[in-house]
Amino acid sequence: MMIAAEQRYYSPEEYLELEVNSEERHEYIDGQIIPMTGGTPNHNQIALNLSGSLNFALKRQSYRVFVTDQRLWIPKKRIHTYPDVMVVQGQLEFAAGRRDTLVNPLMIVEVLSKSTKSYDRDEKFAAYRTIPSFREYLLIDQYTLHVEQYSKTDNNRWIFTEYEDEDETISLAAVPFEIVLADIYDKVDFEDEVVEEINPVQEESELG
């Protein structure tokens, strides 16, 4: 059960002990436990479309695709989070003492919501960039045809590419994979009613 409370700071160990026994998912951001809101049908459809295509295209190759419920630990920023889609190359690497928390994503995808899009573009992207293995970031808008791609070069620069046409093809730099925007947005209905979400970054709550 989630109840509003005065701000309290938790250690990563306290968070994990609470999280593994919780029926809901929460992020951990440098001492704070933040409830994660449920996704909209569009959000879930986009994540499913992309993760399914990735998983099929990368079968029998040295890549693993994870979606939604796989926890990631970012030690330099003291963040536990659940990216919408992650790709790991080669051997899985885990947080110390864990077998349920990864630390070595090659690529991360976030499906943007109105309440978290600024956080995903700024603070969260900055946190992801502290991960040595991280080389590609996709931000996908769930309300209109729009995808932002950030690809890391060998000289530690990030190249930005933007897509807005359903016939455009996104070619990943870190993973041998291409997809047309129309396939990412297959069965996505932009006319669906949009329910404004609580901003999980500003919500101050604790597990009880």
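Criterion applied to ASN42, ASN49 was being of a type outside the set (D, E, K, R), in contact with a helix residue (DSSP H, G or I) (Cβ under 6 Å, 6 or more places away or on another chain), surrounded by 13 or more Cβ atoms within 10 Å (Cβ to Cβ) and more than 23 Å from ARG129 (Cα to Cα), and the one residue passing it is ASN49.
Entry remark, segment 80-121: residues being over 20 Å from ASN44 (Cα atoms), open to solvent by less than 20 Å² (accessible area, probe 1.4 Å) and assigned to a loop (DSSP other than H, G, I, E, B) number 4 in total.
Applying a threshold of 7 Å to beta carbon distances and a minimum spacing of six or more residues, or different chains, the list of pairs starting in segment 117-142 at a residue that is over 12 Å from PRO105 (Cβ atoms) and ending at one that is among the β-branched types (Val, Ile, Thr) and open to solvent by 40 Å² or more (accessible area, probe 1.4 Å) reads TYR119/VAL201.
Looking across VAL109, VAL103, VAL85, VAL67, one residue alone is of a type in the set (A, V, I, L, M, F, W, C) and over 25 Å from ASN156 (Cα atoms). It is VAL67. Quick check on my filter: what residues within segment 135-166 are open to solvent by 40 Å² or more (accessible area, probe 1.4 Å) and either more than 23 Å from ASN44 (Cα to Cα) or in a strand (DSSP E or B) (or both)? Those that are open to solvent by 40 Å² or more (accessible area, probe 1.4 Å) and either more than 23 Å from ASN44 (Cα to Cα) or in a strand (DSSP E or B) (or both): ARG135, TYR150, LYS152, ASP154, ASN155, ASN156, ARG157, TRP158, ILE159, PHE160, THR161, GLU162. Given the conditions (1) under 14 Å from HIS43 (Cα atoms); (2) in a loop (DSSP other than H, G, I, E, B); (3) not aromatic (Phe, Trp, Tyr), which single one is not true for PRO132? In the conditions (1) under 14 Å from HIS43 (Cα atoms); (2) in a loop (DSSP other than H, G, I, E, B); (3) not aromatic (Phe, Trp, Tyr), PRO132 misses (1) alone. Can you tell me which of LYS77, LYS59 is open to solvent by 80 Å² or more (accessible area, probe 1.4 Å), among the basic types (Lys, Arg) and under 22 Å from SER115 (Cα atoms)? Going through LYS77, LYS59 in turn, just one is open to solvent by 80 Å² or more (accessible area, probe 1.4 Å), among the basic types (Lys, Arg) and under 22 Å from SER115 (Cα atoms): LYS77. Name the single residue that is most open to solvent (accessible area, probe 1.4 Å) among those in segment 17-39 being touching a residue at least 12 places away in the same chain (Cβ under 8 Å) and more than 23 Å from PHE125 (Cα to Cα). So, considering only residues that are touching a residue at least 12 places away in the same chain (Cβ under 8 Å) and more than 23 Å from PHE125 (Cα to Cα), the one most open to solvent (accessible area, probe 1.4 Å) is GLU24.
The values are calculated or read from the model by the stated rules, or taken from the named source; none is laboratory data. Everything numeric in this text was worked out from a predicted model, so none of it was measured. A quick note on method: Cβ atoms are made from the backbone with ideal geometry, for glycine too, and the neighbour counts reach across all protein chains shown. Protein only, heavy atoms only, side chains kept; ligands, DNA and RNA dropped before computing areas. Shrake-Rupley method; radii C 1.70, N 1.55, O 1.52, S 1.80 Å.
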